[in-house]
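One structure below.
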Amino acid sequence: MIIVIDGPAGSGKSSTARAVADKLDIEYLDSGALYRTATLLYLEADRNEELFFKLLQDKTITFHYSNGCFHVAIEGESVTSRIRTIEVAEYVSEVAARPHVRQFVNDLMRDVVDRGTYIAEGRDLGTAVFPDADLKFYMSADIEERARRRYEERKTDNPELTLEQVKQNIEERDHKDSNRETDPLKKAVDAIEVDTTNLSFEQQVDKICLEIRERL
Ligand code: C5P
């Protein structure tokens, strides 16, 4: 079984999906983390397309969810913290626009969901990756609120970061993610829309859990 949550950056998808996974005792899949991992390889390749392509083919990427955290490793070495830097955030939408990168990430995800019950979150899961998902949500919130949440989440690990930088990065990513040719950010026609601007975290989690219990 697969439940998907799509939506723009900072709309509350990740924290909500993790809490729902814990409550319902199911697996959690963070597709953005996989695009960020591909972006690390792109930066490691010094943005050389050929080398990047080779690294994507050659390196083994593994991931799992435990203790409230989605862990990712390249060749067994954890990159869980490194994928959250502002440098990765600056390049990720550009890297994620490449069809071969999308294919690579989609294959990684489709491979694992065959083996369990998952709640997965991203941008195109309900429209492109899992169009037959058992239940689809689309989370949104206004930009000021999304920037504030992302800033609060990141500032301890990135003391140099400013709220304005976060807001600008989110706006740029939203624009690129919504306008790319391959599988842009879009609400699936059969997704349940959840606007989280005025919802507390607990309310978001309860709303999603209620819908899941009612419909499945
Ligand atoms: O969810 P997160 O903000 O970590 O995602 C990072 C980036 O990965 C997004 O801005 C987007 O460019 C890309 N992404 C995507 N498709 C997904 C998930 C993330 O293109 N399904």
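The values are calculated or read from the model by the stated rules, or taken from the named source; none is laboratory data. Keep in mind that what you see is a predicted model, and the values were worked out from it rather than measured. FYI the Cβ positions are ideal-geometry reconstructions off the backbone, even for glycines, and counts take in every protein chain you see.
Quick one: which of ASP157, ASP132 is surrounded by fewer than 21 Cβ atoms within 10 Å (Cβ to Cβ) and under 18 Å from PHE70 (Cβ atoms)?
Residue meeting the stated conditions: ASP157.
From (1) modelled with pLDDT under 95; (2) within 15 Å of the chain's Cα centre (by Cα); (3) more than 24 Å from LYS59 (Cβ to Cβ), pick out the condition that doesn't hold for MET139.
So the condition that MET139 fails would be (1).
Quick check on my filter: what residues within the stretch 111-135 are within 15 Å of the chain's Cα centre (by Cα) and basic (Lys, Arg)?
Across the stretch 111-135, the qualifying residue is only ARG123.
Enumerate the pairs (first residue in the stretch 121-142 and β-branched (Val, Ile, Thr); second residue anywhere and assigned to a helix (DSSP H, G or I)) with beta-carbon separation below 7 Å, excluding pairs fewer than 6 apart on the same chain, so at least 6 apart or on different chains.
Partner pairs satisfying both residue conditions: VAL129/ASN106; VAL129/MET109.
Please return the ranges of helices (runs of 4 or more DSSP H) entirely within the stretch 80-171 where 2 or more residues are of a type in the set (Val, Ile, Thr), over 22 Å from ILE208 (Cα atoms) and within 13 Å of the ligand (Cβ to nearest atom).
Answer list for the stretch 80-171: 86-96, 99-113.
Here is a list of conditions, (1) more than 16 Å from the ligand (Cβ to nearest atom); (2) part of a strand (DSSP E or B), and ASP46 meets all of them except one; can you say which number that is?
For ASP46, the failing item is (2).
In the stretch 51-63, is there at least one residue being of a type in the set (Val, Ile, Thr) and not in a loop (DSSP other than H, G, I, E, B)?
For the stretch 51-63, residues of a type in the set (Val, Ile, Thr) and not in a loop (DSSP other than H, G, I, E, B): present.
Among (1) free of Cβ contacts under 8 Å to residues at least 40 places away in the same chain; (2) within 21 Å of ARG150 (Cα to Cα), which single condition is VAL79 missing?
All conditions pass for VAL79, except number (1).
Does the stretch 179-204 hold any residues that are out of contact with any strand residue (DSSP E or B) (no Cβ under 8 Å at 6 or more places or on another chain), closer than 17 Å to ASP6 by Cβ, in a helix (DSSP H, G or I) and touching a residue at least 60 places away in the same chain (Cβ under 8 Å), and which are they?
Answer for the stretch 179-204, where residues must be out of contact with any strand residue (DSSP E or B) (no Cβ under 8 Å at 6 or more places or on another chain), closer than 17 Å to ASP6 by Cβ, in a helix (DSSP H, G or I) and touching a residue at least 60 places away in the same chain (Cβ under 8 Å): there is none.
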